[in-house]
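A quick write-up on the structure given underneath.
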Amino acid sequence: MNIRTTVLPLGVATAAALGLVTLAACSSSDDAAGGHHNGKLDVVASFYPMQYLAERIGGGHVAVTGLTKPGVEPHDLEISPKQTARLGEAGLVVYLKGVQPSVDEAVEQAKPKHVAEATSYTTLEDHGTEVDGHGHDEHEDHGEDAGADPHVWLDPVRYAEVAKGVGKALEKADPDHAADFRKNAAALVKELGTLDREYREGLRDRTSDTFITTHAAFGYLAERYGLEQEAISGIDPESEPSPARIRDLHATAKKDKVGTVFFETLASPKTAQTLAGDLKLKTDVLDPIEGITDESRGRDYLAVMRSNLKALRTALGAG
Ligand SMILES: [Zn+2]
């Protein structure tokens, strides 16, 4: 499939790629423009939580490709010209604005025919990405604000809203299989409802509300269940905390009787371990589920969310 040894500017290369693919595939059927290959809808998903939705809801009618390889921290992903062209050829692109700036840009350039953009199906909030301490801004906005927290998939209720939206987008991209997409989406939404209930019940009788996490991924989850997230770094796990932030965390840990500092599977645990060592606290994994690897505590979204619940129950004295 490689026709891009060209020095054309990206947009032109993409248009050329589109034209060639259409020509090549159009002779057999007219659904090439809809991005079908071997009878399956060709879906590109930006990173794991989007991939999971596409696979669960698309079922046997879709072939899903992930842009972010397993084990790669997704926030800093770079998109190659080849991948950008690939987006333009897809039958549906599923992504989440604000997590991966290079994907956002590539989708804009490639202009896929069908797009499911996760934040358009739910509400966003600003969880104080400056990591300036305890300011939890409660105002709502709809994604245009650079300060909006993109980690909506860690709230089962918001993730269910996104699942419904992705289901609708699949119906549009592949109307022949709309009934199956509706059925699969409904089944997933039901499972997410069960997960939500497990969180509510599992965290009910806790002795503490505050947990320290590596990057600020759990703002929506914290809010949903009445918890307080204190993040070492901001929305991007690779950003370094300031000395003032570290002092702040020391004070919070003492005041709120924090017992555990959480690290994650895809980002460096170094700062979390140093902080835990200094404060003589335990460490454990709280997984932002930005990718699934062999180290993940579970094989898919639902399983890792349940491992996260278990870890939170222990850390907050609810277990
Ligand atoms: Zn993140």
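Check which residues have an amide H placed less than 5 Å from T65's amide H, if you skip close sequence neighbours.
Close amide H contacts, sequence-distant or interchain: V43, V44, A45.
Starting from the Cα-Cα distance between D278 and D104, subtract it from 0.36 nm times their residue separation and give me the gain in nm to one decimal.
58.7 nm
At a Förster radius of 25 Å, what calculated FRET efficiency corresponds to the Cβ-Cβ distance of T252 and K190, to the nearest 0.05?
Once the sixth-power term is evaluated, E becomes 0.10.
Apply 1/(1 + (r/R0)^6) to the Cβ-Cβ distance of R204 and D76, taking R0 = 35 Å, and write down the FRET efficiency to the nearest 0.05.
On the way: r = 37 Å, r/R0 = 1.07.
Once rounded, the FRET efficiency stands at 0.40.
Set the Förster distance to 30 Å, then compute FRET efficiency between A178 and R299 from the Cβ-Cβ distance, nearest 0.05.
0.55
Keeping all protein chains in the complex and leaving out DNA, RNA and ligands, what accessible area do you get for H177 with a 1.4 Å probe, in Å² to the nearest 10?
H177 exposes around 50 Å² with every protein chain in place.
At 1.4 Å probe size, what's the solvent-accessible area of R245? Round to the nearest 10 Å².
Taking all protein chains as shown, R245 has close to 10 Å².
Rg and Dmax in Å for segment 163-252, alpha carbons only: what are they?
19.0, 58
Charges at C-beta only: +1 for Lys and Arg, -1 for Asp and Glu. How large is the resulting dipole of segment 143-215 about its Cα centre, in Debye rounded to 20?
Details: 11 positive and 15 negative charges, 56 e Å.
That gives a dipole near 260 debye.
On the protein heavy atoms, probe 1.4 angstrom, tell me the percent of accessible surface of segment 203-315 carried by carbon and sulfur.
48 percent
Charges only on Cβ, +1 for Lys and Arg, -1 for Asp and Glu: so what's the dipole of segment 203-315 about the Cα centre, in debye to the nearest 20?
Dipole of segment 203-315, to the nearest 20 debye: 580 debye.
With only alpha-carbon atoms in the gyration tensor, what are the semi-axes of the equivalent ellipsoid for segment 203-315, in Å, largest first?
Its equivalent ellipsoid spans semi-axes of 21, 17, 12 Å.
Can you sort D248, D196, D176 by 1.4 Å-probe accessible area, starting with the largest?
Sorted by accessible area, descending: D176, D248, D196.
Using a 1.4 Å probe, what is the accessible area per residue for segment 179-302, in Å²?
Working: 5860 Å² over 124 residues.
Dividing the accessible area of segment 179-302 by its residue count gives 47 Å².
The values are calculated or read from the model by the stated rules, or taken from the named source; none is laboratory data. Here the structure is a predicted model, which means the values were calculated and not measured. Don't worry about glycine lacking a Cβ; one is built from the backbone with ideal geometry, like all the others, and counts go over all protein chains shown. To get the accessible areas, we keep the full protein, side chains included, count just its heavy atoms, and leave off ligands, DNA and RNA. Shrake-Rupley method; radii C 1.70, N 1.55, O 1.52, S 1.80 Å.
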